[in-house]
Each structure stands twice: as C-alpha cells, then as structure tokens.
Amino acid sequence: MIRSVSVKSAIKDALEVFQFDQWIRFYYVVEKEKELWIEIPEAVLEGLKKDYPHLHPYADMVNELVTDYQRSQENVCSFIASRLDGQKYEQTVLPQVFDSSTFKVEMYIFNVWLKMHESHLDEEPMTFTEWLDMYEGWNSLDEVQEYRTKLQDSGTDPGMPTCSTKQ
C-alpha cells in the first residue's frame, strides 16, 4: 500500500474529524443522571454511513457513551491515529500536522465560526453537510481570509488541542 506524505491533505483530513466531533457534540449530547451522553438517532447514523463512510465509524464509536472535552479529544486523537497515521499517511506525517501552524490556525478559525454562529446553529439541527457548507461559505469571506493571513503571519500559536499519534 502506498501511503501519502502530503501534510496538506492530512491537515484537511484531521480537521474534518475534529469538525465532525464538534458537530456530533453540538447536536447529539444529552444530559442523563448529571452526565453528558452522546445519543445519535439511528436514522442519522444510517445517513452518515451513506454520506460519510469514512467518518461513520467515529460516530458509531462514540454513540451511547459518556462524553466531556477530554474524552472527546482522546476519541478524536485515537480515531485519527488508527485511521490515518500509518494507514492513509506515512507515520511521519501526522506529527507534522499537529505541530503545524496551519492546522492550529484552521482549528482556531473553525472554533471562532462555531462561537459566532452558535445561536443560528442551535435553531434546528443541521446535517454535517449543511454544517460544512455553512462554514465554507463563511470561511471564504474576504474578512475571514484576511484574519487567517494575519494569524499565520503573526506566528502566534492559537493554542489548539494537540494529538499524540503514538498508540
């Protein structure tokens, strides 16, 4: 099997997993017995299996489990490590992704979008495709592009989560 060495592609793939996790936690977390649980309806899981076969296993993995920020980050990192590191990408690629300023800036920009649009996103559940389309529309605005460039040029670390790809 030929594995990719493209850091740019790996950044895109890793970012998608983080976004997918955020989408799941945004719409499918419920409080039960003073704990937060992920409960994804069967119809949504079936849609994910069809539309996002590469991400469906993540939804399946976290469904009907207790969640919090730390567990979520561990789940995302473990999923990325098992699906991308050494599988799709050479083992030297993912550590470069999590150390890259591009990945950190993209995660920061995504989280800015999430905070800015939370009330709109909360109005009614969106599919992951609708979520990504909305994000891409906002992300393509000149103001967002200029802000991204400022962040990248400043060399400031926005302090986003990191993953260890060691299993």
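The values are calculated or read from the model by the stated rules, or taken from the named source; none is laboratory data. Just so we're clear, the structure is a prediction, and the values are computed from it rather than from any experiment. Cβ coordinates were reconstructed from backbone atoms using ideal geometry, including for glycine residues, and neighbour counts include every protein chain displayed. Remember, those area values only see protein heavy atoms, side chains included, never the ligands or the DNA or RNA. Shrake-Rupley method; radii C 1.70, N 1.55, O 1.52, S 1.80 Å.
Structure notes:
- Residue in the stretch 16-30 that is without any contact (Cβ under 8 Å) to a residue 40 or more places away in the chain, of a type in the set (Ser, Thr, Tyr) and outside any helix (DSSP H, G or I) present: yes
- Among the numbered conditions (1) over 28 Å from residue 89 (Cα atoms); (2) modelled with pLDDT of 95 or more, the only one that residue 126 does not meet is (2).
- Hits in the stretch 92-103 - residues which are out of contact with any Asp or Glu (no Cβ under 6 Å at 6 or more places or on another chain) and of a type outside the set (Phe, Trp, Tyr): 92, 93, 95, 96, 97, 99, 100, 101, 102
- Criterion: open to solvent by less than 20 Å² (accessible area, probe 1.4 Å) and among the β-branched types (Val, Ile, Thr) - qualifying residue of 30, 17: 17
- For the stretch 119-134, the set of residues classified as open to solvent by less than 20 Å² (accessible area, probe 1.4 Å) and under 15 Å from the mean Cα position of the chain (by Cα) consists of 128, 131, listed by residue number.
- Restricting 22, 70 to those that are among the polar types (S, T, N, Q) and within 20 Å of residue 133 (Cα to Cα) reduces the list to 22.
- Screening residue 7 against (1) farther than 18 Å from residue 79 by Cβ; (2) surrounded by fewer than 16 Cβ atoms within 10 Å (Cβ to Cβ) leaves a single unmet condition, (2).
- Number of positions in the stretch 80-118 that are modelled with pLDDT under 90, among the acidic types (Asp, Glu) and open to solvent by less than 50 Å² (accessible area, probe 1.4 Å): 1
- Residue, modelled with the highest pLDDT, within the stretch 135-145, restricted to residues that are surrounded by 13 or more Cβ atoms within 10 Å (Cβ to Cβ) and within 26 Å of residue 77 (Cβ to Cβ): 135
- Out of 51, 60, sole residue that is closer than 19 Å to residue 135 by Cβ and open to solvent by 40 Å² or more (accessible area, probe 1.4 Å): 51
- Residue in the stretch 101-120 that is free of Cβ contacts under 8 Å to residues at least 12 places away in the same chain and farther than 23 Å from residue 148 by Cβ present: yes
- The residues of the stretch 63-78 that are open to solvent by less than 40 Å² (accessible area, probe 1.4 Å) and either more than 24 Å from residue 42 (Cβ to Cβ) or basic (Lys, Arg) (or both) amount to a single one, 77.
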